[in-house]
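Remarks on the structure that follows.
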Amino acid sequence: MTDSPAPREPEDVHDHFAEEDAVVPDLLTLPDDALYSARLPMALAYAAVMHSPQKRKDDLGTPYITHPMAVAGLVWHYGLGVELYEAEMEDLVISALLHDVVEDAGGDNRLREIRSMFGPRVAQVVYAATDSTSADPTQKVEWRPRKEQHIARVRRLAQPAGDEPVDAGACLVIAADKMHNLSGTAAAVAAGGDEYLDRFKGGADGTRWYYRTMFEALRPALPDAMIEDLTMRLATLGA
């Protein structure tokens, strides 16, 4: 009987690399077949820096950057292949990554930075998704009137202008934001009851009012698949 070979000692990963091999790639030079430009990783890095101290309102202390990343994914999910969004998909995904920077990380100064770095269309969509441009949280308008004002602006963007909404792209980004927040909120309420909603400024009644009324404002501008999914999540929340 032939003896089995002795097991090999595990190699040190560093043995595979010579000192001269440690070359850092230029991360802003994308390959010729890239599906997006360097603006997108730049936007992700900018958002990650702006939101770096912030957490989600869950019990885990989830880093806030997970939210704009998820919203960007939803914009791609519902917008890709839809003719209405095709010409500006990259701008819409970038806007999704940046949609909370102005509201939560610096106000008007951030909006000027975004326009300078990513262009006027991205700044326009980010502004549309923002309910306050105050750099000082203590100077924001009270929660209910602030939300009412934002919903009124969104309703105007969703209204038909000829064959298309006034700003279908902005409505897609705003709806993706609400979709992600609503999904987490509905799941938390289903698991633990309405006490979870006490951590929001609107409380249980105000939170349900907000999601329901924002959806009604957005609905004329949304693709059918998104309407169906939002309707299901609203039902889960009892809104």
Next item on the list: Return the pairs, sorted by first residue and then second, in which the second residue is at pLDDT 95 or above and among the aromatic types (F, W, Y), the first residue lies in the range 141-167 and is crowded, with 16+ Cβ neighbours inside 10 Å, the beta carbons are less than 6 Å apart, and the residues are 6+ apart or on different chains.
Entry: K147/Y210
Next item on the list: Can you confirm whether the range 107-126 contains a residue that is within 22 Å of K201 (Cα to Cα), assigned to a helix (DSSP H, G or I) and among the small types (G, A, S)?
Entry: no
Next item on the list: Just need a number here: residues in the range 184-195 that are closer than 30 Å to V93 by Cβ and either surrounded by fewer than 16 Cβ atoms within 10 Å (Cβ to Cβ) or in contact with a helix residue (DSSP H, G or I) (Cβ under 6 Å, 6 or more places away or on another chain) (or both).
Entry: 5
Next item on the list: State yes or no: is G81 free of Cβ contacts under 8 Å to residues at least 12 places away in the same chain, not charged (D, E, K, R) and not in a loop (DSSP other than H, G, I, E, B)?
Entry: no
Notebook entry, point to check: Within the range 39-73, can you find the residues that are under 22 Å from V189 (Cα atoms), out of contact with any helix residue (DSSP H, G or I) (no Cβ under 8 Å at 6 or more places or on another chain) and not in a helix (DSSP H, G or I)?
Noted result: K55, D59, L60, G61, T62, P63
Check: Residues of the range 192-239 being in contact with a Gly (Cβ under 9 Å, 6 or more places away or on another chain) and either hydroxyl-bearing (S, T, Y) or assigned to a loop (DSSP other than H, G, I, E, B) (or both), which ones?
Finding: F200, Y210, P223
Checklist line | Matching residues, the range 119-135, being among the hydrophobic types (A, V, I, L, M, F, W, C) and touching a Lys or Arg at 6+ places or on another chain (Cβ under 6 Å) | finding: A123
Next item on the list: Evaluate the following for E228: is it over 16 Å from H77 (Cβ atoms), acidic (D, E) and either surrounded by 21 or more Cβ atoms within 10 Å (Cβ to Cβ) or modelled with pLDDT of 95 or more (or both)?
Entry: no
Margin query: Looking at the range 180-202, can you tell me whether even one residue there is closer than 30 Å to R39 by Cβ and of a type in the set (A, V, I, L, M, F, W, C)?
Written below: yes
Margin query: Under 8 Å between Cβ atoms, which residue pairs at least 6 apart in sequence (or on different chains) link something in the range 91-102 that is over 14 Å from K178 (Cα atoms) with a partner that is polar (S, T, N, Q) and modelled with pLDDT under 95?
Written below: V102/T133
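The values are calculated or read from the model by the stated rules, or taken from the named source; none is laboratory data. The shown structure was predicted, so the numbers you read here are calculated from the model rather than taken from an experiment. Note that each Cβ is placed from the backbone with ideal geometry, even for glycine, and that neighbours are counted across all protein chains shown.
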